[in-house]
Amino acid sequence: MTQRTFGQPASPRPDHEIQRILVVAAHPDDCDFGAAGTIAGWVDAGVSVSILLCTHGEQGGFEDNNREQMPTIREREQGAASAALGVTDVRFLPGHRDGWLEPSWELQRQIVEVIRDVRPQRALIQSPERRYDRIQGSHPDHLAAGEAAIRAIYPAAENRYAWSELIDQGLEPWHVSEVWIMAHPQVSHAVDMTDTFDRKVAALQAHASQTAHMGDQLEEFLRGWGARVAETFGLGPGRLGESFQIMDLG
């Protein structure tokens, strides 16, 4: 029997033990920058992946004349990016403004609703803890989405007395047993995404409103980032990785 220390950093469970994964992020493109190669690998392993975005990312982009259309543009781009990874279930929460996201009770309730609907064994979320060595990964909306997601995962999603009206909607309590955290200050695990790297690049190229200005430098940037992770975790020469903190919730 494998000994587990619940609620502490842990090694991941084998993918064959996982049927469903929910990814929660603040903006379109967040999960693609942080974990697209890993998500593509999960899909290839036969795992059902759902992506939940808390905002439409309307403050992103560089075209002032397209500002009113930005929510629609970014929703369309996320659909194309997710399709490159093999993900078809992409959801956007209503009522939350890009740049103004807070871990409010309403945001937590909405995430609980999706958790109980998807019933994931594994959740991938953003870090609620700020990284001062790479502040770009700790956008305030990212921190808010991470905090709301972890509060929703525990205890609310598994507590039948938290938003009990959800039970009347047929959404019974659900326990998420494993949490993966992107951009955490202390990562404990790396995934070798060398074989899915091209799909990560394709996913981020699909976010043209955010990445088209980078041209060929986008792939160069992603490859360098992945190579540094691979070197840090000893994945081997020429390999590319993505890194996470993993929490075992039992």
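Residues of the range 121-147 that are over 16 Å from VAL24 (Cβ atoms) and in contact with a Pro (Cβ under 7 Å, 6 or more places away or on another chain): ARG131 alone. Looking at ILE125, ILE150, ILE115, just one residue is under 20 Å from MET247 (Cβ atoms) and in a strand (DSSP E or B), and that residue is ILE125. Just checking, does the range 79-87 include any residue being outside any helix (DSSP H, G or I) and under 25 Å from HIS184 (Cβ atoms)? Scanning the range 79-87 turns up at least one residue that is outside any helix (DSSP H, G or I) and under 25 Å from HIS184 (Cβ atoms).
Among the residues making up the range 203-215, those that are assigned to a helix (DSSP H, G or I) and surrounded by fewer than 18 Cβ atoms within 10 Å (Cβ to Cβ) are ALA208, ALA212, HIS213, MET214.
Do we have ARG74 as over 26 Å from VAL187 (Cβ atoms), of a type outside the set (S, T, N, Q), in a helix (DSSP H, G or I) and within 17 Å of the chain's Cα centre (by Cα) here?
yes
The rows are residues; the columns are (1) within 25 Å of GLY95 (Cβ to Cβ); (2) of a type outside the set (A, V, I, L, M).
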| site | (1), (2) |
| --- | --- |
| GLN136 | no, yes |
| LEU143 | yes, no |
| ALA148 | yes, no |
| PRO155 | yes, yes |
| TYR161 | yes, yes |
| GLU172 | yes, yes |
| SER177 | no, yes |
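For the range 223-236, the set of residues classified as surrounded by 17 or more Cβ atoms within 10 Å (Cβ to Cβ) and either in contact (Cβ under 8 Å) with a residue 60 or more places away in the chain or of a type in the set (Gly, Ala, Ser) (or both) consists of GLY226, ALA227, ALA230, listed by residue number.
Inspect all residues belonging to the range 135-146 and state whether any of them is touching a Gly at 6+ places or on another chain (Cβ under 6 Å), more than 22 Å from GLY250 (Cβ to Cβ) and at pLDDT below 95. Among the residues of the range 135-146, not one is touching a Gly at 6+ places or on another chain (Cβ under 6 Å), more than 22 Å from GLY250 (Cβ to Cβ) and at pLDDT below 95, which makes the answer no.
The set of residues from the range 144-159 being surrounded by 21 or more Cβ atoms within 10 Å (Cβ to Cβ) and either of a type in the set (S, T, N, Q) or under 15 Å from GLY34 (Cβ atoms) (or both) comprises ALA145, GLY146, ALA149. Scanning the range 88-112 for residues that are surrounded by fewer than 18 Cβ atoms within 10 Å (Cβ to Cβ), under 16 Å from the mean Cα position of the chain (by Cα) and in a helix (DSSP H, G or I) yields nothing. Residues that are in a helix (DSSP H, G or I) and either among the aliphatic types (A, V, I, L, M) or buried (at least 23 other Cβ atoms within 10 Å of the Cβ) (or both) within the range 49-71 comprise just one, MET70. If the condition is being touching a Gly at 6+ places or on another chain (Cβ under 7 Å) and either closer than 20 Å to GLU75 by Cβ or free of Cβ contacts under 8 Å to residues at least 60 places away in the same chain (or both), then the range 182-198 contributes ALA190, ASP192. Scanning the range 223-243 for residues being in contact with a helix residue (DSSP H, G or I) (Cβ under 6 Å, 6 or more places away or on another chain) and assigned to a helix (DSSP H, G or I) gives a total of 0. SER243 meets each of the listed conditions (1) crowded, with 17+ Cβ neighbours inside 10 Å; (2) more than 16 Å from the chain's Cα centre (by Cα); (3) hydroxyl-bearing (Ser, Thr, Tyr) apart from (2).
The values are calculated or read from the model by the stated rules, or taken from the named source; none is laboratory data. It should be emphasised that the depicted structure is a prediction, and the values quoted were computed from it without experimental measurement. FYI the Cβ positions are ideal-geometry reconstructions off the backbone, even for glycines, and counts take in every protein chain you see.
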